[in-house]
Each structure stands twice: as structure tokens, then as C-alpha cells.
1. Restricting the search to region 311-333, which residues are closer than 18 Å to Lys106 by Cβ, at pLDDT below 90 and not hydroxyl-bearing (Ser, Thr, Tyr)?
2. Using the structure shown, decide if Ile80 is at pLDDT 85 or above and part of a helix (DSSP H, G or I).
3. Does Val282 satisfy being among the hydrophobic types (A, V, I, L, M, F, W, C), in a strand (DSSP E or B), in the same structural domain as Val101 (by TED's automatic domain parsing) and modelled with pLDDT of 80 or more?
4. Find the residue count for region 209-246, including only residues that are touching an Asp or Glu at 6+ places or on another chain (Cβ under 7 Å) and modelled with pLDDT of 85 or more.
5. Of all residues in region 17-66, count the ones that are farther than 22 Å from Asn174 by Cα, among the charged types (D, E, K, R) and surrounded by 12 or more Cβ atoms within 10 Å (Cβ to Cβ).
6. Quick check on this structure: which one of Val210, Val195 is under 23 Å from the mean Cα position of the chain (by Cα), assigned to a helix (DSSP H, G or I) and farther than 18 Å from Thr130 by Cα?
7. What do you reckon, is Leu11 in contact with a strand residue (DSSP E or B) (Cβ under 8 Å, 6 or more places away or on another chain) and either charged (D, E, K, R) or not in a loop (DSSP other than H, G, I, E, B) (or both)?
8. Specify the residue that is farthest from Glu52 (Cα to Cα); the eligible residues are those in region 1-16 that are surrounded by fewer than 12 Cβ atoms within 10 Å (Cβ to Cβ) and modelled with pLDDT under 85.
Amino acid sequence: MELDERKIRILKAIIQTYLETGEPVGSRTISKYSDLKLSSATIRNEMSDLEELGYIIQPHTSAGRIPSDKGYRFYVDQLIREKENEVTEMRELVIQRVDRVELLLKQLAKLLAANTNYATLISGPQYHQTKLKFIQLSRVEAGKLLIVTVLEGNIIKNSIVSVDAELTDEDLLNLNILLNNSLNGLTMEQINLDVITRMKAQAGPRRQVVDVVLSEVADAIRTNEEDLQIYTEGTTNIFKYPELSDGEKASQLIRTLEQKDLWKELLTEEDGAEKKKNEIQVYIGSETQVQSMKDCSVVTANYELGDGLRGTIGIIGPKRMDYDKVVSTLRSLMNQLNDTFNKEER
């Protein structure tokens, strides 16, 4: 006999309540502390069926029910299936969003380069002090676990790790509950010694698995914060200006424009607490601290693509650039981006 939707909901409520309290669960408890909106009598009848089917047991007369091994198995299998579906759906949405954002930024870089006749650099959107949203542990094979880490912005990182201990389904369930209850919404800086110590104490003999998972989570966050994409367009525009088109000077400038680490530093320094969202910054000549840029000016502005995803746009040209045109173009673009993505968020 297959379980219908009502029996599944009641079974899940029994197991979740038992996991929280460790006490046998009665029909009145389920009716009071769940959103089933069913009478105690109806719940008692369904619990009798679940007991007859072997999903719950009554430890002694006049007591409530507790999950049987069969009940745990059903709960764990369904939980894993639900979480795998969530991760799959989230992954598809992220891929769509990333592809869309990359295409948008490439088009913007081309548009700005053509409109201003200067070089354009755009840093891909990133979170800063990335927060954890969700962690899922799944068994791949004996001694190997798949760790799915979902970060703020629905960024998904996967890793497969080896573990010494054999983990039961109940171990995995308890570890998933522990990890998500302890870490969801925290940045790496907030996962301090107190948090780790409490988690290890609760994990008991599985504390080594917690160590492995924390190491992978830290790598996922670090990789996400360091993996900055920069889109460049219009670098040959610099040859249109005599003061920048001299052979050796132009070669140095082109090499500079190709140095991702240098632009990463410049395009991310807008994130300081003293900088206002969408504030436009102008760096003239030696203010950029780059020798090959002493005859250039750089104008930058922050953009935000909803969900707090932020990046920076930079326009590079001669010191005699048309500042009025560049600033007004950037300001108009920032307003359009923010209006568009804020509307989508609402």
C-alpha cells in the first residue's frame, strides 16, 4: 500500500517532532504543533494505519509513537530526493542567470567602448563576505561523500571528499541537520572557534566529518570571492590619441590592460565602507599608482544586479577625456541597471 499525501505529511511531522524532542509523539502533539489542520481523531486513525504498515511503533502501552527503521528510511529517502531536486532546480536557475549576466556585461562593455571611444573594463558581479545558504551531504560510494555548498546568490560549489568512517543514512541526516542549523546565514568570519566547538560536540563520533566539511566550505567561499571575471573592450581605442599611441608607451599600456590582478585591485577598491553605492570615482594620471597609466584617466562606477550582486565599470582614456560625457553615460547606465534589476527583484 502506497502512502497518500496526508499519511506522508503526518509521518514527516511525527519524525521531525521526535528528532527535536526525543519523546514519543501523540496525536494531540501533532495537531497542536503542526500545520496539518486535522483533528486529533483523524490523526489517530492515520497513525494507526502507519503503525500497521510498519512506519511507526508504540514503545509501550499508552505512549505516543516513534519512527521505525522503515519510517526513518522513507523519511531519509524522501528528504534526499527533495534536496537533490532543490539543488538541481537551483543549479539550472544559476546557470541561466550567469549566462544572462555574462552576456549583458559583455554587451555593456562593447556599448560603452563604442559610445565613449575609450577602453572599457567591467568586473563580474560578486558577493563580499559571502554567506552560506545551504549544505547537503550525500553518499557517492563507500568512503566518499558529495558536498554541495550553496552560497549567497545561489552560487553552487560541489566537491567529493573521502571519509574514514562509514556513515549510515541516519548519520547523514543528522549531520545535514546539524550543519544547516549551525552554519546557514553565516560568513566565513562568523564561523569561529565557538561555533566549530559546539558543532563538534554535537557531532560526537562524527566530528572528523565536520572538520572535512568545514574545510571544503571554506575553500568554496574563498574560491568564490577570489574568482573575479573581468570583461575588456575597446583597448585599441587608445591608439586614437597621440599622447597614448607612441609605440613603446602604447605597448606598455596594452600590457597593463591585460593584467587581471592589477585591474582586480582597482575595480574592487570601490567596495570600501566609505564608498557610496553607485558613486563615480575619477583617477587622474599618477592617482592610479600605475606608472604606465600616468598619461591616462580612469573613471569607475559601481553597479548592482539585484540580490546584492555588485561589480564595477571602468572607463580608461587620456587625461583630456570628455569627463562630462563619460560621467553622464555611467550615471545613466547605473540608474538603468538598478531600475531594471530592482524591478525584477520586486
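1. Gly311, Ile313, Gly314, Leu330, Leu333
2. The answer is no for Ile80.
3. yes
4. 0
5. Total satisfying the criteria: 5.
6. Of Val210, Val195, the one residue that is under 23 Å from the mean Cα position of the chain (by Cα), assigned to a helix (DSSP H, G or I) and farther than 18 Å from Thr130 by Cα is Val210.
7. Taking the combined requirement at face value, the residue satisfies it.
8. Glu2
The values are calculated or read from the model by the stated rules, or taken from the named source; none is laboratory data. These figures come from a predicted structure and were not determined experimentally. As a convention, Cβ positions derive from the backbone with ideal geometry for all residues, glycine included, and neighbour counts pool all protein chains shown.
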